[in-house]
1. Go through the stretch 12-52 and give me each residue that's within 12 Å of the chain's Cα centre (by Cα) and polar (S, T, N, Q).
2. Would you tally the residues in the stretch 53-75 being under 12 Å from the mean Cα position of the chain (by Cα) and either open to solvent by 50 Å² or more (accessible area, probe 1.4 Å) or more than 12 Å from Y13 (Cα to Cα) (or both)?
3. Being part of a helix (DSSP H, G or I) and among the aromatic types (F, W, Y) is the filter here, so list the residues in the stretch 1-43 that pass it.
4. Outside any helix (DSSP H, G or I), exposed (fewer than 10 other Cβ atoms within 10 Å of the Cβ) and not aromatic (F, W, Y): does that describe K46?
5. When you check M1 against the structure, is it without any contact (Cβ under 8 Å) to a residue 40 or more places away in the chain, more than 17 Å from M77 (Cα to Cα) and loosely packed, with under 11 Cβ neighbours inside 10 Å, yes or no?
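The values are calculated or read from the model by the stated rules, or taken from the named source; none is laboratory data. These numbers were taken from a predicted model, which means no experiment stands behind them. Cβ: placed from backbone, ideal geometry, glycine included. Neighbour counts: every protein chain shown. For accessibility, only protein heavy atoms count, side chains too; no ligands or nucleic acids. Shrake-Rupley method; radii C 1.70, N 1.55, O 1.52, S 1.80 Å.
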Amino acid sequence: MPRKPTIRTNEHYYHVTARSNNKENFLLMLDLVWEILLGELSRLQKDHKVEIAALVLMNNHFHLLILSPEENIDRVMYLLIS
């Protein structure tokens with residue numbers, strides 16, 4: 001089943017999830033993953049004006065509520081994940 005096209009909006013938060021390969025646990029300790037993720041999100045807030053409402057980190061994935069006023073959520077997530 002093909003992926004649905006991304007709806008770009010600056011009015012609503014996106015619920016984004018990302019998981020590690022093969023559903024395996026992160027190779028780093030969770031506190032280190034947390035620090036790296038917060039650093040990257042902080043950089044994205046400065047560079048792309050995104051607003052972070054919530055972040056939940058699990059053993060092999062995370063959930064993120066993010067608002068993208070510039071309607072560039074696809075670019076922001078590309079920069080975060082890659």
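1. Scanning the stretch 12-52 gives T17, S42, Q45.
2. Just the residues of the stretch 53-75 that are under 12 Å from the mean Cα position of the chain (by Cα), to begin with: 53-57, 61-68, 73-75.
Then keep just the ones that are either open to solvent by 50 Å² or more (accessible area, probe 1.4 Å) or more than 12 Å from Y13 (Cα to Cα) (or both); that gives 53, 55-57, 61-63, 65, 74-75.
The qualifying residues number 10.
3. Taking the stretch 1-43 and keeping what is part of a helix (DSSP H, G or I), we get 21-23, 30-43.
Of everything in the stretch 1-43, just one residue is part of a helix (DSSP H, G or I) and among the aromatic types (F, W, Y), namely W34.
4. Values: outside any helix (DSSP H, G or I): no; exposed (fewer than 10 other Cβ atoms within 10 Å of the Cβ): yes; not aromatic (F, W, Y): yes.
Considered against the rule, which asks whether it is outside any helix (DSSP H, G or I), exposed (fewer than 10 other Cβ atoms within 10 Å of the Cβ) and not aromatic (F, W, Y), K46 comes out as no.
5. Values: without any contact (Cβ under 8 Å) to a residue 40 or more places away in the chain: yes; more than 17 Å from M77 (Cα to Cα): yes; loosely packed, with under 11 Cβ neighbours inside 10 Å: yes.
Against the criterion (without any contact (Cβ under 8 Å) to a residue 40 or more places away in the chain, more than 17 Å from M77 (Cα to Cα) and loosely packed, with under 11 Cβ neighbours inside 10 Å), M1 qualifies.
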